[in-house]
Amino acid sequence: MLTNVAGAVTGVGGGVLSVRFAGRRLPPWGLRHRSLLAMTGAGFSAVACILVTTAGVRVVDHAEGTRTASAEQQAAIAEVVRQAMGSNFRVKHASDFTPHGLDGMEQSVWAELEPEGMAQMSWPDRDRIDIDVQVHTTSEHPPAGYPIPGAAGPVHDPSVARRIAGRYVAAHYPAAVTARALVDRSEDEPEETWTATYPYREDRMPAIASLRVTLNRAGRLRGVRLSAAAPVARPALPTGCPPKQLKAGACRKRSPQLD
């Protein structure tokens, strides 16, 4: 911006001098040079005064999109993980991600979890929280998910998914309205997954309107999402319709799975 301002001011100054001395014998170069410098300096001063009086100027290092999370951010995301996973997971490292170099503009806090997983939280509004639980049994197999105490798979229909997710939600998110669960089966995941979405209201997180719990086919927890978006009823797969048949167009009839 300063380069553009300098160019503009210099151009204006040069134009003024050209008009002033047009048709007249040019003064010595030293005098012209001093006049141009004086006008450029005056222009810079005017622009600086305008910037100072009308806007707050902030110098931003756009190359620094990621930095270590502040103490407040680390405490906030640690509390989020503690509520979702109890003492079984903890934050290994937390980072502040600011892609545009401006605080509050698509800013988020990311955390690497132990034993394995990731958590993300929008900042500073905290209206979206994602926790991805990735517990691998072996490197050759997909994430096994986290076992939910007192619940076991396999998940073969919405009623089983609702029951297993409900046990997890009752233990970790009592503010969720479990009687109004929306259950859906994924069509696109490489591994079959089920999601249960609940209306959510809690004074400590006023921006959150919904809770979504994702299970794998074995009935293990794969992920949790808290969002400002209200739950939306989506058409659910008919019972007994494998994803391959759905993609082939063999299962067309759908009915919403809403309690």
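Key figures
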| quantity | calculated |
| --- | --- |
| Qualifying residue in segment 148-162 (condition: modelled with pLDDT under 85 and open to solvent by 60 Å² or more (accessible area, probe 1.4 Å)) | yes |
| Test: Ala179 is at pLDDT below 95 and either among the small types (Gly, Ala, Ser) or within 22 Å of the chain's Cα centre (by Cα) (or both) | yes |
| Test result for Arg204, part of a strand (DSSP E or B) and free of Cβ contacts under 8 Å to residues at least 24 places away in the same chain | no |
| Identity of the residue in segment 203-217, surrounded by 20 or more Cβ atoms within 10 Å (Cβ to Cβ) and over 21 Å from the mean Cα position of the chain (by Cα), that ends up modelled with the highest pLDDT | Leu215 |
| Subset of segment 218-245 that is at pLDDT below 90 and of a type in the set (D, E, K, R) - its residue that is farthest from Phe89 (Cα to Cα) | Lys244 |
| Looking only at segment 185-202, and only at residues there that are of a type in the set (D, E, K, R) and at pLDDT 90 or above, the one that is farthest from Val169 (Cα to Cα) | Arg185 |
| Criterion violated by Pro143 - all others in (1) of a type outside the set (Ser, Thr, Tyr); (2) touching a His at 6+ places or on another chain (Cβ under 7 Å); (3) modelled with pLDDT of 95 or more satisfied | (3) |
| Selection count where residues are β-branched (Val, Ile, Thr), crowded, with 18+ Cβ neighbours inside 10 Å and out of contact with any helix residue (DSSP H, G or I) (no Cβ under 9 Å at 6 or more places or on another chain), scope segment 171-196 | 1 |
| Qualifying positions in segment 92-126 - open to solvent by less than 10 Å² (accessible area, probe 1.4 Å) and of a type in the set (A, V, I, L, M) | Ala94, Val109, Ala111, Leu113, Ala119, Met121 |
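The values are calculated or read from the model by the stated rules, or taken from the named source; none is laboratory data. A quick note: this is a predicted structure, and the numbers were derived from the prediction, not measured. We place every Cβ from the backbone using ideal geometry, glycine too, and count neighbours over all the protein chains shown. These accessible areas exclude ligands, DNA and RNA; they are computed on the full protein's heavy atoms, side chains included. Shrake-Rupley method; radii C 1.70, N 1.55, O 1.52, S 1.80 Å.
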